Amino acid sequence: MIHVRYTKWDGSLHWHFDTVELGEDVHGLWLGAPDGTEVRRGDEPPVRSQAFALLVPPIGWWTAVWNDVSPDGSGFSFEVYLDVCTPPTRDGSVVGAVDLDLDVARRPDGTTVMLDEDEFEEHRRRYGYPERVVDQARVAAASMMRLVEARVEPFGVVGPEWLRAAVALR
C-alpha cells in the first residue's frame, strides 16, 4: 500500500488516500485505487471513490489521475485530472506533494480545461507563494494543458491501460 498525501502551502492536510502500487514505466510510478477507495479532503468525512489510476512522474510539478468515467455520465466528469503541485516525493510508503490549486482536466468528449485559476491567485497572495513557485506552477499548467489536449503520452493510450489495471483491483 502507498499512502498519497497532498497538503496546501501552509501545511494543512488536503486530499489523502491509500493506493496500491501498480508498477513503473518511463512516465513514472503508477498507483491504483479500486472501486470503493476512501478518499478524504483534510478532516472531512471520507467519500468512496470509483476506481482510478494515479501517475507520479519522476520529474515535474504535477500528478495526474485517470478516472473510470461511466458511459451513462454518472460518476467522474473528467477522464484525466492533472493537479499542478510541487514535485511529488516518495518516502517509503508515502507519496506527498503540495497542491498549488491549478488543475488541467479533460472531459470524455476531449474538451480540455484549466481549472481553479482564481483559487491559485487567491492562495498565491494569502500564502505568499515564492515567485519561483508561481512561475513553475504557471509553466507546468500551460505545458501540461497542451500535452493533455494533444493526447501526448501518457495522456493517449498509456493512462487508460493503467486505469484498466486499477479497475481490476479488488
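Values quoted throughout were computed directly from the atomic coordinates according to the rules given, and no laboratory measurement underlies them. None of the values given here were measured: they were computed from a predicted structure. Don't worry about glycine lacking a Cβ; one is built from the backbone with ideal geometry, like all the others, and counts go over all protein chains shown.
As a test of the formula, what do you get for the chain when each DSSP H run with n ≥ 4 contributes -39,500 (n - 2.57) and the sum is divided by the residue count, at 222 nm and rounded to the nearest 500 deg cm²/dmol?
Values: 3 runs with 41 residues, N = 170.
Rounded to the nearest 500, it is -7500 deg cm²/dmol.
Roughly what % antiparallel, to the nearest 5, for the DSSP beta bridges in the chain? Before the final figure, lay out each step's value.
Working: 42 of 47 bridges.
That works out to approximately 90 percent antiparallel.
Between the residues A141, T37, V56, the greatest Cα displacement towards the positive end of the dipole of the chain, with unit charges on the Cβ of Lys, Arg, Asp and Glu, is found for V56.
Hull volume per residue, based on the alpha-carbon atoms of the range 83-170 and their convex hull, is 130 Å³. Contact order for the range 79-140, expressed relative to its length and based on alpha carbon pairs under 8 Å spaced 6+ residues apart, stands at 28 percent. When the charge dipole of the range 1-159 is built from unit charges on Cβ atoms (+1 for Lys and Arg, -1 for Asp and Glu) and taken about the Cα centre, the candidate among V84, G159, N67 whose Cα reaches farthest toward its positive end is V84. For the peptides 137-145, 53-61, 37-45, the ranking by packing is 53-61, 137-145, 37-45, with the highest mean count of neighbouring Cβ atoms within 10 Å listed first.
Taking the Cα centre of the chain as origin, sum charge times position over the Cβ atoms of Lys and Arg (+1) and Asp and Glu (-1), and report the length of that vector in debye to the nearest 20.
Numbers: 17 positive and 29 negative charges, 38 e Å.
In debye, rounded to 20, the chain gives about 180.
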